[in-house]
Amino acid sequence: MTNNKELRRWVEHMARMCKPDKVVWIDGSEEQKRELIAEACRTEELIELNQEKLRGCIYHRTAVNDVARTEGLTYICTSNEEDAGTTNNWMAPEEAYDRAAQIFSGSMRGRMMYVIPFSMGPIGSEFSKIGVQITDSIYVVLNMLVMTRAGKKVLEQLGTSGSFTRCLHGKADLDINRRLILHFPQDNAIWSVGSGYGGNALLGKKCLSLRIASCLAREEGWMAEHMLILGVEHPDGQIDYIAGAFPSACGKTNLAMLVPPEALAKKGYKVWTVGDDIAWLRVGRDGRLWALNPEAGFFGVAPGTNSKTNPNAMAMIRENTIYTNTVLCPDRTVWWEDGEGLPPDEGCLDWTGRPWRLGKTDEHGHVIAGAQPNSRFTVPVGQCPSIAPNWQDPRGVPLTAIVFGSRRARLAPLVYQCFNWQHAVYVGATMGSERTAAQYGKQGEVRFDPMAMLPFCGYNMADYFRHWLEMGTRILHRPKVFRVNWFRREENGDFIWPGYGENLRILLWMINRCRGNGASIKTPIGYLPTYDSIDWSGLEFSRHAFGDLHAIFTEDWLEEQALNKQFLAQFGDRLPQELRFEHAARERRLRGED
Ligand code: GTP
Ligand code: SPV
Ligand code: MN
């Protein structure tokens, strides 16, 4: 299959350890894909969905304790513990290899070992990175075929001597007590065992394109970020590109596929999708910051997706889509909470495979969700109706603005603009967000998630802040940076802001600001929009509610300052001085001393 000696040796070596019945190279052909689907349907790893209503779609249920990334079992394995930093789990490389090897040993007996050569970024682009993933899961192979550019053409690109990230994955017995997700930045290697879920198992995604890539990016002078990328086209045809970092399940996919409200569409505004999860950022020869989406598919959250919230997503997931952990309806279609219409009364199975109907309760009277809250769809990027025609441009797209967004019931206002790059790095570094179903842990609890990268930065986070500051000095035309929160709530718990398509109004204010227009009010935390600086055409939204969205609760902010201080203290002397300075400056402004 390949003349790349290093690759052949590695695959042989891994096969000796895992002892599969057979090694199968993934070539990227339709024919091989069809055979794999047929095989997985035979063993019930997959269920074929209704081919009239959902052509080319398949369904998969994970093990019940394998429904989200397990950050507690995710490690950065560097010889020096300090290089992983306080926000990452660390394990010495020798110990990590040993422990995982024990689990991998013989774990593929009676199974196939699939070898998937893949490229993150367009094949052949000077910015792309090649990986090769070994796995014993057909479900993982099929996901990788969607999420990356995979197969023979990648081997051709790799040639006889090209280097690649070695990505070893095995389900083993899917026992959470024997699960490890290990990163070896010094060896350009990833070993993941014991999970078959998303970010734990599709190693091109968070493991390679963020954790390993962030290490490379720091050495090579670029950035690997947990960001969506979109383009806003103006009535005159000009397009502004924006990248946005939001923690998991906080709205990247939805914002990336935004459909303009009717009144704004009539004026000639359009939104183009470039990426929904990962952005690789580089300084271009023109001194601007350029963003590339290294992925080829979307792995999106299903619950909450419907034709009102995200019509583009609804249109793209009718074909060639892999559904994971949703409800399975009797006609072999799928359903999820806050999706389209109501599920049938009879014959539905929930994500665990048990009979289920809407409103079903457990022995304590709690409603049982039919779809796992982190259930997902996997779909090729090209199927998105709003996909930007230039999304595969190897250079990426030039950024006008960067957005940090998170989920806060009260503290953060709808939007504000950072004073400058250094202030923005402080705002990003101290971003708190309520935990979602995308990772294990107490839901709703606020945790710090700097630049939405807490679980994804492959090295010491203090050095990551330093890297952000340094990048700022290298970008001649720096994007302006904004902070948003679509999730502020009323006393009764309802969201104040309608969100989704209406978010375009906020993006337009940002772009205006970048062009030197758009009124604002200077506050201790940043520049806030005035009511009249927002285009309200087609939406009745009161001045009063707008005020509620932007109220700054000084007492709360001072409490937050104390938490920020505590959070930053863990980085000790490694924390850039600039952030301490920004912290003190905000404190003074909040206390009215500046
Ligand atoms: P990952 O794929 O985990 O990285 O998440 P993501 O950031 O792409 O999140 P996604 O867009 O899938 O949104 C997650 C949840 O937030 C979904 O249930 C959405 O319906 C909901 N959501 C997204 N945008 C908005 C918004 O503007 N307002 C409100 N209220 N909810 C939103
Ligand atoms: C996230 O959790 O941020 C995701 C899903 O995008 S996963 O691929 O599992 O990381
Ligand atoms: Mn994500």
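The values are calculated or read from the model by the stated rules, or taken from the named source; none is laboratory data. Quick caveat, the model's predicted, so the values are computed rather than measured. Here the Cβ positions follow ideal geometry from the backbone for every residue, glycine too, while neighbour counts run over all protein chains shown. Note: areas computed on protein heavy atoms with side chains; ligands, DNA, RNA excluded. Shrake-Rupley method; radii C 1.70, N 1.55, O 1.52, S 1.80 Å.
Observations, loosely collected:
- Stretch gain in nm, segment Arg574-Gln157, where the contour uses 0.36 nm per residue and the Cα spacing is subtracted: 146.1 nm
- Global form of region 493-564, assessed from the alpha-carbon gyration tensor, a/c cut-off 1.5: oblate
- Centre-to-centre, using Cα atoms only, region 179-250 and region 343-406 are separated by 19 Å.
- Between helix 93-104 and the chain there is an angle of about 50 degrees, using the helix long axis and the longest principal axis of the Cα atoms.
- Rg to Rh, two decimals, where the chain supplies the alpha carbon set and Rh follows Kirkwood: 0.95
- Rounded tilt (10° steps) of 577-590 against the dominant C-alpha axis of the chain: 40
- Separation of the alpha carbons by more than 20 angstrom is noted, of Lys252/Lys565; Lys171/Lys206; Lys53/Lys360; Lys129/Lys152; Lys19/Lys206; Lys19/Lys171, for Lys252/Lys565; Lys53/Lys360; Lys19/Lys206.
- Of the residues Lys565, Lys252, ranked by 1.4 Å probe accessible area with the largest first, the sequence reads Lys565, Lys252.
- Added length on full extension, which subtracts the Cα-Cα distance from 0.36 nm per residue, Asp393 to Leu563: 57.0 nm
- 1.4 Å probe accessible area per residue over the chain, in Å²: 39
- Each Lys or Arg adds one and each Asp or Glu subtracts one; over the other residues with Cβ under 14 Å from the Cβ of Leu590, this totals -2.
- Remark: relative contact order (region 315-397) = 35 percent; criterion is Cα-Cα distance under 8 angstrom and separation of 6 or more residues.
- In region 468-544, Cα pairs under 8 Å separated by at least six residues give a relative contact order of 19 percent.
- Considering only Phe448, Gln417, Leu476, the residue lying farthest towards the positive end of the dipole of region 413-521 is Leu476, judged by Cα position with unit charges set on Cβ.
- Taking all protein chains as they are arranged and a probe of 1.4 Å, the heavy atoms of Phe571 leave approximately 10 Å² accessible to solvent.
- Heavy-atom accessible area ranking, 1.4 Å probe, most first, across His13, His234: His13, His234
- Between region 87-163 and region 18-37, the C-alpha centres lie 14 angstrom from each other.
- Distance between the 7 Å Cα→Cβ label points at Arg55 and Asp345: 3.4 nm.
- Between helix 30-42 and the chain: long-axis angle, C-alpha atoms, 0 to 90°, nearest 10: 80
- Sorted peptide list for 444-452, 340-348, criterion being average Cβ within 10 angstrom, highest first: 444-452, 340-348
- Pairs of Cα atoms nearer than 8 Å and 6+ residues apart set the relative contact order; for the chain it is 15 percent.
- Stretch gain in nm, segment Ala545-Arg354, where the contour uses 0.36 nm per residue and the Cα spacing is subtracted: 64.4 nm
- Loop-located trypsin sites (Lys or Arg not before Pro) across region 356-403 with a Cβ neighbour count of 16 or fewer within 10 Å are Arg357, Lys360, Arg395, with loop assigned by DSSP.
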